[in-house]
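Trainee: The following block contains the structure, expressed as structure tokens.
Throughout, read-outs are computed from the coordinates displayed, never taken from laboratory work. As the structure is a prediction and not an experimental result, all values here were calculated from the model. Here the Cβ is made from the backbone with ideal geometry for all residues, glycine too, and neighbour counts use every protein chain on show.
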Amino acid sequence: MKRLTTFTKRELTNRIYVKVLPVFYTVSILCIFIVIIAFTSCSNTEVDNESQHEDYYIRGDTITLTENSNILSRIVLHTVSTQEYKAEWNTAGVVRAIPNSYAAIAPPFAGRVIRSYVKLGQKVNPGSPLFEINAPDFFSAQKNYFDTEQEFRQVELSLRRQQDLLKNGVGVQRELEEAETEFEIKKTALANASASLNIFNIDLSKIKLGKPLVIQSPIKGEIISNQIVIGQYLKEDAEPIAIVAGLSKIWIVSQVKEKDIYHIRAMDQVEVQVSGIPGKSISGKIFHINEMVDEDTRSVEILIECDNTDRTLKPGMYATVHYKDVPIQSIIIPSKAIFQQEENQYVFVQIEKNKYQKRKVETADTTDSNVVILSGLENGEIIVNDGGIYLIKEQ
């Protein structure tokens, strides 16, 4: 049987103290160690944001050079100023006929060509005859028109007769109403027969039953394509056999990159040169700026109207378009002051003596060895022109 041990109060306290004290010391040491680690971490964070070297001191995007720095002798400064700048650039273009001055002529009915009135290069006016065609469908449309017109004239006379009879007291109201109804029916039929011929630009006052269909020019211009063959039978869906184009004015179709589009304004003057006429410059004006950007080429279509009374420009020719914007005051700096990092561009700006800040800028056009600045710099600021590469390297 185990023996029971009896302790006094003092003995019990001493025993507990002896066992707890080492645990207390251990916990205290651990707390001190954690505080040291936290302090060290904070110090390391500050070192990451602020680093010091015998030649320079960096804080964020700012680097300060010491008086004894070897980099100082390599730094060349430039004072930012506004200058008159005129954007100029060249793009390729193609000569095109103006659509409103271009007509592809095809017969409205199937038939056989029996006569030609024109030859290649001949000038024509609206209504000028081009060729004649014997078309059975046209004959049927003519006959239907003349028959309908004759029936309309008959019911028109009948209506007037019934109106006169009723006016003189010998007519019948029912017969007058029937005459009015018949008149409206024939009037509608005549309008339909007329419309079937009018859609083909046919002058109803000049047609005669059995006369061949005369195809006329719808615009003023000249014959630039003539495929008319006498005796040829043409189907109703035949390709055009003559082309009339007015070439006294033409369009140059060019593409301008979206980054340059803000320079373009309607009615601006441009210069055009074609490879077939070296040394000659042709003046033109911007007629239209397309509202859509081509997603594949990231460019906008520009239509330039040029005078072509001497027929120098031929549709299909390749051309070089020289765009020239009006002069404006812009901030221009040397291109060697610009540094590219990923998708952004930067310069170093002197904010105090020997103290430089890296600043993001937006650029536009590049001319020779200079760059146009859109934002990020102000007139009068001082930037690093040469030696910035050493500042980048140290950062």
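Trainee: Divide by every residue of the chain the summed helix terms, -39500 (n - 2.57) for each DSSP H run of at least 4, and state the resulting mean residue ellipticity at 222 nm, rounded to the nearest 500 deg cm²/dmol. Mind showing how you got there, number by number?
Mentor: On the way: 4 runs with 106 residues, N = 395.
Value at 222 nm, helices only, nearest 500: -9500 deg cm²/dmol.
Trainee: Here is a follow-up. I'm spelling it out carefully: the read-out is Rg and Dmax of the Cα atoms in Å, the candidates are [x] 45.8, 157; [y] 29.4, 100; [z] 20.4, 62, and one was derived from this structure. Which label?
Mentor: Only one option fits the structure, namely [x].
Trainee: Explain nothing, just the number: dipole magnitude of the chain about its Cα centre with +1 on each Lys and Arg Cβ and -1 on each Asp and Glu Cβ, in debye rounded to the nearest 20.
Mentor: Result for the chain is approximately 960 debye, rounded to the nearest 20.
Trainee: Right, another one. Once the Cα atoms of segment 279-395 are picked out, what are the Rg and Dmax in Å?
Mentor: Taking only Cα atoms of segment 279-395, I get Rg and Dmax of 21.1, 66 Å.
Trainee: State the dimensionless ratio Rg/Rh of segment 189-346 (Rg: radius of gyration of Cα atoms; Rh: Kirkwood radius). Intermediate values should be presented prior to the final figure.
Mentor: Working: Rg = 25.0 Å, Rh = 21.1 Å.
Radius of gyration over Kirkwood radius for segment 189-346 works out to 1.19.
Trainee: Just to confirm my numbers, what's the Cα centroid distance between segment 351-393 and segment 64-121 in Å?
Mentor: Between the Cα centres of segment 351-393 and segment 64-121 lies a distance of 30 Å.
Trainee: Alpha carbon centre of segment 128-165 versus segment 206-242: separation in Å?
Mentor: 24
Trainee: Take the alpha carbon gyration tensor of segment 136-211, find the square roots of its eigenvalues, order them as a ≥ b ≥ c, and report rounded if a/c is under 1.5; if not, report prolate when a/b exceeds b/c, else oblate.
Mentor: On the way: a/c = 3.63, a/b = 3.06, b/c = 1.19.
Prolate.
Trainee: Right, here's the next one. Within the chain, which is the longest segment containing none of the trypsin sites (Lys or Arg not before Pro) that sit in a DSSP loop and have at most 14 other Cβ atoms within 10 Å? Spell out each step's value before the answer.
Mentor: Details: sites that count: LYS2, ARG3, LYS86, LYS119, LYS206, LYS208, LYS235, ARG265, LYS280, ARG298, ARG311, LYS353.
Segment 120-205 is the longest.
Trainee: State the volume of the convex hull built on the alpha-carbon positions of segment 190-229, expressed per residue in Å³ and rounded to an integer.
Mentor: Once divided by residue count, the hull of segment 190-229 is 107 Å³.
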